[in-house]
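Student: Shown below is the structure under consideration.
Read-outs: derived from the displayed coordinates by stated rules, not from any lab. The structure displayed is predicted, hence computed values, not measured ones. All Cβ positions, even for glycine, are placed from backbone atoms using ideal geometry, and neighbour counts span all protein chains on display.
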Amino acid sequence: MNAYYEENDGYPALEMIVYGRAPLMFTKYCSMRKLNQCRVCKTKSYELKDEHGTFPILSHEDCTSTLLNGKTLNLLDELPNIKGIEALRLNFTVESKEQVVNVIHMASSKLNGSMNNAVFNQETETRGHFNKEIV
């Protein structure tokens, strides 16, 4: 960001996802069609399971699919430390209405400083590469 600032006389307008399930794979393949159950995916939710966990599948109208990370990215505890970002995004995909409301309240409380306790759950959530240097 410093190099950008020097070259352009200002910081870029950056957005950062601070909560949500990251897409791992996009497919043009409909697994339900293979099972002769096309359009059933519109009525139920599906997921893949392996030794690493459970990965939700989002089915789209054009019979494509998105495989989501089994762990939810959660950087809410880091919000007070994030600088130089114009917009912070909460990316909801498979959460219930109650979960959405809860996450919005936690994010708001973290931003205004009224919540000091940690909300990160190591079993179900990840910080991705946030605390890792990428070179």
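Student: So for segment 66-82 (the condition being touching a residue at least 60 places away in the same chain (Cβ under 8 Å), out of contact with any helix residue (DSSP H, G or I) (no Cβ under 7 Å at 6 or more places or on another chain) and more than 20 Å from VAL100 (Cα to Cα)), does at least one residue qualify?
Tutor: Within segment 66-82, one or more residues are touching a residue at least 60 places away in the same chain (Cβ under 8 Å), out of contact with any helix residue (DSSP H, G or I) (no Cβ under 7 Å at 6 or more places or on another chain) and more than 20 Å from VAL100 (Cα to Cα).
Student: Quick one: how many residues across segment 93-135 are within 28 Å of LEU58 (Cβ to Cβ), in contact (Cβ under 8 Å) with a residue 40 or more places away in the chain and in contact with a helix residue (DSSP H, G or I) (Cβ under 8 Å, 6 or more places away or on another chain)?
Tutor: Within segment 93-135, residues that are within 28 Å of LEU58 (Cβ to Cβ), in contact (Cβ under 8 Å) with a residue 40 or more places away in the chain and in contact with a helix residue (DSSP H, G or I) (Cβ under 8 Å, 6 or more places away or on another chain) number 6.
Student: I need a count of the residues in segment 31-63 that are acidic (Asp, Glu) and under 30 Å from GLU123 (Cα atoms).
Tutor: 3
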